[in-house]
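Below: the structure, in structure tokens.
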Amino acid sequence: MASPNVTQKKSVLNTGAEIPLIGLGTWQSKSGEAVVSALRAGYRHIDTAAAYGNEAEIGQAIKESGVPRQDIFLTTKLGIKWHTRVPEAIAASLQALQTDYVDLYLMHWPCAVDPDDSTKVVPDWDYVKTWMEMQKLPATGMVRAIGVSNFGITHLERLLADASVKIVPAVNQIELHPNHPSPKLVAYNTAKGIHTTGYSCLGSIDSPLYRNPTIIELAQQKGRSVQQVLLKWGLQKGWSVIPKSANPERIQANFALDGWELAPGEMKTIDDIPTRFKIFQGGFLPPVMHGKIFLGDDE
């Protein structure tokens, strides 16, 4: 069971580095105000991506926060059009973030899209070749650890079976919440020494989880918000969580997780919620990627 002082707790990655278990997700955050609020509230883990189009704002916010860069665990991600240009991609991200390194660099999706034509994948290229290029980054000092995002078991099995793979991903960042708990994929990650980070851990915008009677009742019994119960559930499952919010009050509330925990029976109550749905089905991605991601092998 998670430590009551979970806001200070970290997980040790397979690199030996430590990742704070609570971070701020920044998808759709177009200003840095949320990052400043989060860092001043005590967060020390910030997650962004080149595809979010906000790395410059994130970098400026880190400077404005007054929190030393070395105290922050910073994650960004390789975009789908940059798989064949990994050195250029990380250089552009570092310039935008105004930093010399990131703590974690993730392959955002297991698919390489043609940078000049998003209706096509890159011919004679796949994510294994991308990983071969990413493996070169830790030695440069620009990246402390490398990992993947939105990888299913099939993707990981193929990656890890390839003779060119010398570095096991440090992290697999995937959608995780009570309606999409992905137990098989999480167990696979753990068995391979890959830390799991959950995104959309609150169910994303206008979350149906906020209206779930089981979670509402449990939150009322605990004297906590639904969001706090959802985050605590994920943390006690053993993964890190990166809730997104632009509201300073909610950012602080999402961090108010110390001094209490969910009992085993309460965890089981959430586990037993039967409804299943996936928020991100890939509809916003180029159609050429469909059928190459979300293979249904994680439940």
Among the residues of segment 259-291 satisfying the criterion of being in contact with a helix residue (DSSP H, G or I) (Cβ under 9 Å, 6 or more places away or on another chain) and charged (D, E, K, R), which is farthest from Q227 (Cα to Cα)? D272
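Every residue, every condition in (1) in contact with a His (Cβ under 9 Å, 6 or more places away or on another chain); (2) buried (at least 18 other Cβ atoms within 10 Å of the Cβ), yes or no:
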{"residue": "V229", "(1), (2)": "no, yes"}
{"residue": "K237", "(1), (2)": "no, yes"}
{"residue": "S240", "(1), (2)": "yes, yes"}
{"residue": "Q252", "(1), (2)": "no, no"}
{"residue": "D258", "(1), (2)": "no, no"}
{"residue": "L262", "(1), (2)": "no, yes"}
{"residue": "K268", "(1), (2)": "no, no"}
Scanning segment 151-165 for residues that are out of contact with any Gly (no Cβ under 9 Å at 6 or more places or on another chain) and in a loop (DSSP other than H, G, I, E, B), the one surrounded by the most Cβ atoms within 10 Å (Cβ to Cβ) turns out to be F151
Kindly indicate whether any position in segment 285-292 is assigned to a loop (DSSP other than H, G, I, E, B) and more than 23 Å from the chain's Cα centre (by Cα). no
Would you confirm whether any residue within segment 265-287 is free of Cβ contacts under 8 Å to residues at least 60 places away in the same chain and aliphatic (A, V, I, L, M)? yes
Complete set of residues in segment 39-67 that are touching a His at 6+ places or on another chain (Cβ under 9 Å) and outside any loop (DSSP other than H, G, I, E, B): A50, A51
Verdict on L13 being in contact (Cβ under 8 Å) with a residue 60 or more places away in the chain and under 23 Å from T130 (Cα atoms): yes
Select from segment 49-75 the residues that are under 12 Å from Q98 (Cα atoms) and β-branched (V, I, T) and write down the one among them that is nearest to the chain's Cα centre (by Cα). I58
Subset of segment 101-134, residues acidic (D, E) and either assigned to a strand (DSSP E or B) or under 19 Å from T15 (Cα atoms) (or both), comes to D103, E133
Here are A41, A56, A61, A51: which of them is under 18 Å from S204 (Cα atoms) and either surrounded by fewer than 18 Cβ atoms within 10 Å (Cβ to Cβ) or small (G, A, S) (or both)? A51
Residue among V186, V148, V168 that alone is β-branched (V, I, T), at pLDDT 95 or above and assigned to a strand (DSSP E or B): V148
Boolean, D297 is among the acidic types (D, E), surrounded by fewer than 18 Cβ atoms within 10 Å (Cβ to Cβ) and without any contact (Cβ under 8 Å) to a residue 12 or more places away in the chain: no
May I ask you to say which residue of K77, K120 is of a type in the set (K, R) and touching a His at 6+ places or on another chain (Cβ under 8 Å)? K77
Yes or no: R85 under 25 Å from L13 (Cα atoms) and more than 19 Å from the chain's Cα centre (by Cα)? no
Check whether at least one residue in segment 82-93 is in a loop (DSSP other than H, G, I, E, B), touching a helix residue (DSSP H, G or I) at 6+ places or on another chain (Cβ under 9 Å), modelled with pLDDT of 95 or more and charged (D, E, K, R), and report yes or no. yes
Just to be sure I understand the filter: pairs with C-beta atoms under 8 Å, separated by 6 or more residues or on different chains, first member in segment 128-155 and within 9 Å of P110 (Cβ to Cβ) and in contact (Cβ under 8 Å) with a residue 24 or more places away in the chain, second member surrounded by fewer than 21 Cβ atoms within 10 Å (Cβ to Cβ) and polar (S, T, N, Q). Which pairs pass? T130/T84
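The values are calculated or read from the model by the stated rules, or taken from the named source; none is laboratory data. All figures in this text were calculated on a predicted structure; none of them were measured in a lab. Virtual Cβ from ideal backbone geometry, glycine too; neighbours counted across all protein chains shown.
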